[in-house]
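So the structure is just underneath, and the comments pick up after that.
The values are calculated or read from the model by the stated rules, or taken from the named source; none is laboratory data. None of these values were measured; they are calculated from a predicted model. Cβ: placed from backbone, ideal geometry, glycine included. Neighbour counts: every protein chain shown. Keep in mind that these areas ignore ligands, DNA and RNA; they rest on the heavy atoms of the full protein, side chains included. Shrake-Rupley method; radii C 1.70, N 1.55, O 1.52, S 1.80 Å.
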Amino acid sequence: MKDAARTLAWDDFRLINAVAETRGLPAAAARLGVDHSTVFRRLRHIETLLGMPLFERHRTGYTLTAAGEEMAALAARVDEDITAVTRRLIGQAPAPSGEVRIATSDSLLVDLLMPMLARFRAANRSIRLDLVVGNAALNLSRRDADVAVRATDTPPETLVGRRAARIAWALYAAAAMPPPADPVAEADWVCLGDNLGALRVVRFARGTVPPERLAGRFDTVLGLAHAIAAGIGVGHLPCFVGDIWPGLVRLAPPEPDYAADLWLLTHPDLRHTPRIRTLMDSLAEQIAAQRPLIEGQRPRG
C-alpha cells in the first residue's frame, strides 16, 4: 500500500479525508465542490489502485476499514502540515500589505468597527479587507479568517490576542413610545433567538417575561435594534448600539451581569505578520478611544 500511496495526488487524500469526516458521498462532494458521481468514481479508482477497500458501506453511512483509518490519518497529517507551512509563509511577509480576512458580527461591524476600518484603510492602502459577518464561530487555525473581533468571556485557547473593552448591555425602548413604569410587568418584549440563547441577557428575557408578551425573537443584534426602534417591544442591546441608535431611549443603567469582553483574536502563527499586527494595533487603539461608549458610560442625552 505504501508504494501505491506514493502515486496518489493530494486531491485523493482530500477526498479520503472528506468521506471519512462526513461519512457519506453527498456531504463529501458538497465539501469538495464536486459532483456525487465524481466522488464515487474517484474513490473506486483509489481503492483499485491500493488493492483494498478503504470504507465499508452501511445504511448509516461510510465507515473506515483498518486500511482506511491509516490513509485517513495520513491525509489529516498532510493537511495539518500544509496548513502550518502556509501560515508560516504568510507570517514571513516583510511589509504590511496583502489581504486580511476579518470575522465579526453585524452589530460590531455596522455600529462600531466600520469607521475604524475606514480610517485603517486610509492609512494602509496596501492592505485589502475581507469581511466575514455572522455569529458562527470560525476556525482561524484553518484560515477561515485571519482576525476575529468577538464578544466573549471565553476566547478559544488556540488563539491569541487582547481584550479591548467590556461590552455593556442595557434596556432600551422606542423613544416615540411612552416609557413603561415597569417594563417586565407592562411592556411587550423582543429578544435574541436560539442561536444566541446561551447569553445571560437572552435567558433573562425568556425566563422572566410572560410568553404572551414576548413579541419577537431575532437572530442578530442588528435586527433586534430595528425591532425595538420600530416599537415592537422593549429589549436589551449593547450600549454601543442602543446609545447611538436614532429613535431609541435607554430605560435603565447597564446590567453588569450581562456584560461581555470584546476580544481581538488571531492565530499564534500570524500574530507577528505585519499586516495582522498593524490591523490589530490600529483597532485596539481606536476601540480604547471608544471605551466610554462601549462600556455604557456615555449615554446619549
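May I ask you to compute the full-extension gain from His272 to Ala118, defined as 0.36 nm times their residue separation minus their alpha-carbon distance, rounded to one decimal in nm?
Values: separation 154, 0.36 × 154 = 55.44 nm, distance 2.25 nm.
Full extension of this stretch gives 53.2 nm more.
May I ask for the angle, rounded to the nearest 10°, between helix 10-22 and the longest principal axis of the chain, with both axes built from Cα atoms and the value confined to 0 to 90°?
For 10-22 against the chain, the angle is about 60 degrees.
Determine, from the Cβ-Cβ distance of Ala284 and Arg14 and an R0 of 45 Å, the FRET efficiency 1/(1 + (r/R0)^6), rounded to the nearest 0.05.
0.75
Given Val100, Trp169, Pro179, which one lies farthest toward the positive end of the charge dipole of the chain, if we put +1 on the Cβ of every Lys and Arg and -1 on the Cβ of every Asp and Glu?
Positive-most Cα among the choices belongs to Val100.
For the chain, find the longest principal axis of its Cα atoms and tell me its angle to the long axis of helix 114-123, 0 to 90°, nearest 10.
Compared with the principal axis, the helix lies near 60 degrees.
What residue among Pro211, Ile228, Leu112 has its Cα farthest toward the positive end of the dipole of the chain, where the charges are +1 on Lys, Arg and -1 on Asp, Glu, each on the Cβ?
Leu112
Which FRET efficiency value, to the nearest 0.05, do you get for Arg128 and Thr48 by plugging their Cβ-Cβ distance into 1/(1 + (r/R0)^6) with R0 = 51 Å?
For R0 = 51 Å, the calculated efficiency reads 0.70.
Working with all protein chains in place, sort Ser126, Ser97 by solvent-accessible area computed with a 1.4 Å probe, largest first.
I get Ser126, Ser97, largest accessible area first.
Where nothing but the Cβ of Lys and Arg (+1) and of Asp and Glu (-1) is charged, how large is the charge dipole of segment 173-301 around its Cα centre, in debye to the nearest 20?
Using only the charged Cβ atoms, the result is roughly 240 debye.
Starting from the Cα-Cα distance between Asp194 and Met177, subtract it from 0.36 nm times their residue separation and give me the gain in nm to one decimal.
3.4 nm
Can you tell me the FRET efficiency between Ala230 and Asp257 if r is taken as the Cβ-Cβ distance and R0 is 35 Å, rounded to the nearest 0.05?
For Ala230 and Asp257, the calculated efficiency is 0.80.
Rounded, prolate or oblate: which fits the chain when a ≥ b ≥ c are the square roots of the eigenvalues of the alpha-carbon gyration tensor, with rounded for a/c under 1.5 and prolate only if a/b beats b/c?
Since a/c reaches 1.5 but b/c is at least a/b, the shape of the chain is classed as oblate.
If you rank Trp245, Trp10 by how much accessible surface each has, with a 1.4 Å probe, what is the order from largest down?
The ordering from most to least exposed comes out as Trp10, Trp245.
Order these peptides, 262-271, 107-116, 288-297, by their mean beta-carbon neighbour count within 10 angstrom, highest first.
Listed from highest to lowest mean packing, they are 262-271, 107-116, 288-297.
Given a 1.4 Å probe, how much area per residue of segment 131-270 is accessible, in Å²?
Accessible area per residue: 46 Å².
Tally up the carbon and sulfur contribution to the accessible surface of segment 160-267 as a whole percent, 1.4 Å probe, everything protein left in place.
On segment 160-267, the fraction of accessible area on carbon and sulfur atoms equals 57 percent.
Can you give the helix-only mean residue ellipticity at 222 nm for the chain, where every DSSP H stretch with n ≥ 4 adds -39500 (n - 2.57) and the sum goes over all residues, rounded to the nearest 500 deg cm²/dmol? Could the numbers behind the result be given before it?
Values: 12 runs with 122 residues, N = 301.
Here the helix-only value at 222 nm equals -12000 deg cm²/dmol.
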